[in-house]
1. Give Y73, Y85 a once-over and let me know the one that is in a helix (DSSP H, G or I), surrounded by fewer than 20 Cβ atoms within 10 Å (Cβ to Cβ), out of contact with any Lys or Arg (no Cβ under 6 Å at 6 or more places or on another chain) and modelled with pLDDT of 95 or more.
2. State which residue is modelled with the lowest pLDDT when the search covers only segment 147-165 and only residues that are in a loop (DSSP other than H, G, I, E, B) and in contact with a Leu (Cβ under 9 Å, 6 or more places away or on another chain).
3. Can you tell me which residue within segment 95-139, out of those that are part of a loop (DSSP other than H, G, I, E, B) and β-branched (V, I, T), is nearest to L63 (Cα to Cα)?
4. Kindly provide the set of residues from segment 48-107 that are of a type in the set (F, W, Y), more than 15 Å from N134 (Cα to Cα) and out of contact with any helix residue (DSSP H, G or I) (no Cβ under 8 Å at 6 or more places or on another chain), ordered by number.
5. Among the listed residues P60, P41, P33, which satisfies the condition of being in contact with a Leu (Cβ under 7 Å, 6 or more places away or on another chain) and surrounded by 17 or more Cβ atoms within 10 Å (Cβ to Cβ)?
6. Taking the conditions exactly as written (under 17 Å from the mean Cα position of the chain (by Cα) and not aliphatic (A, V, I, L, M)), does G66 satisfy them or not?
7. Can you find, within segment 129-146, the residue that is modelled with the highest pLDDT among those that are over 8 Å from K102 (Cα atoms) and surrounded by 17 or more Cβ atoms within 10 Å (Cβ to Cβ)?
Amino acid sequence: MGDSAGGNLAINFAYSVAGGIKDRACQGELPQPKGVVVQYPAVDPLAIYEHDYPIKGFEPEMLVEGYIGGSPYEYPERVETVSSYSYINEKAPPTMIIEPDKDGLVPAWSVYQFVEKARSEGLPIELVSIPFANHVYNQIAKNSIGSQGRLTMTFDFLKRNGLAPESDETR
């Protein structure tokens, strides 16, 4: 599970392990995640970099440059390494992506395109769009209907995929 950059890392890790990572610094066997649940994942760093965000001091250029260590045009190989497109493979685990349709930081259209590409490769991927919501909607309005819906959808996804706790008392 993960949100934003953490969603990017969750997808990249789960998909790369499923695909059998060839070059890695980790020693020993890596656990294979059985499912992935992410919100507003940064699947396409270039789309984020080129997209305007309305809050001064929280510009996408600054965030992406901090994430990859410089401009995507200066380090295209890092963009490819960070891009979730690089890890799509037919062995990827079931995935649910929750995307607010008014996301001002991770452009919703870039997430929708990623989902389309993953589906075209045969991945078991679900997309849930949260209407009228923006990036970190669940943190800004923690007890909002959107946040509560996210929790319910996540639990249902985990349950359908045999990954939820046995008891409904955890809800």
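The values are calculated or read from the model by the stated rules, or taken from the named source; none is laboratory data. All values derive from a computational prediction rather than experimental measurement. As a convention, Cβ positions derive from the backbone with ideal geometry for all residues, glycine included, and neighbour counts pool all protein chains shown.
1. Numbers: Y73 fails: in a helix (DSSP H, G or I).
Result: Y85 is the single residue among Y73, Y85 that is in a helix (DSSP H, G or I), surrounded by fewer than 20 Cβ atoms within 10 Å (Cβ to Cβ), out of contact with any Lys or Arg (no Cβ under 6 Å at 6 or more places or on another chain) and modelled with pLDDT of 95 or more.
2. The initial filter retains those residues of segment 147-165 that are in a loop (DSSP other than H, G, I, E, B), namely 161-165.
Subset that is in contact with a Leu (Cβ under 9 Å, 6 or more places away or on another chain): 164-165.
Details: A164: 89, P165: 82.
Top of the filtered list is P165.
3. In the first step, residues of segment 95-139 are kept if they are part of a loop (DSSP other than H, G, I, E, B); the result is 101-107, 121-124, 131-136.
Next, only the ones that are β-branched (V, I, T) stay: 106, 136.
Details: V106: 11, V136: 15 Å.
So the residue we want is V106.
4. Let us first name the residues in segment 48-107 that are of a type in the set (F, W, Y), namely 49, 53, 58, 67, 73, 75, 85, 87.
In the following step, the residues that additionally are more than 15 Å from N134 (Cα to Cα) were identified as 49, 67, 73, 75, 85, 87.
Passing the criteria: only Y73.
5. Details: P41 fails: in contact with a Leu (Cβ under 7 Å, 6 or more places away or on another chain); P33 fails: in contact with a Leu (Cβ under 7 Å, 6 or more places away or on another chain).
Result of the check over P60, P41, P33: P60.
6. Criteria not met by G66.
7. The initial filter retains those residues of segment 129-146 that are over 8 Å from K102 (Cα atoms), namely 129-130, 136-146.
With the extra rule that they be surrounded by 17 or more Cβ atoms within 10 Å (Cβ to Cβ), the set shrinks to 130, 137-138, 146.
Working: I130: 89, Y137: 79, N138: 78, G146: 77.
Looking at the filtered set, the residue picked out is I130.
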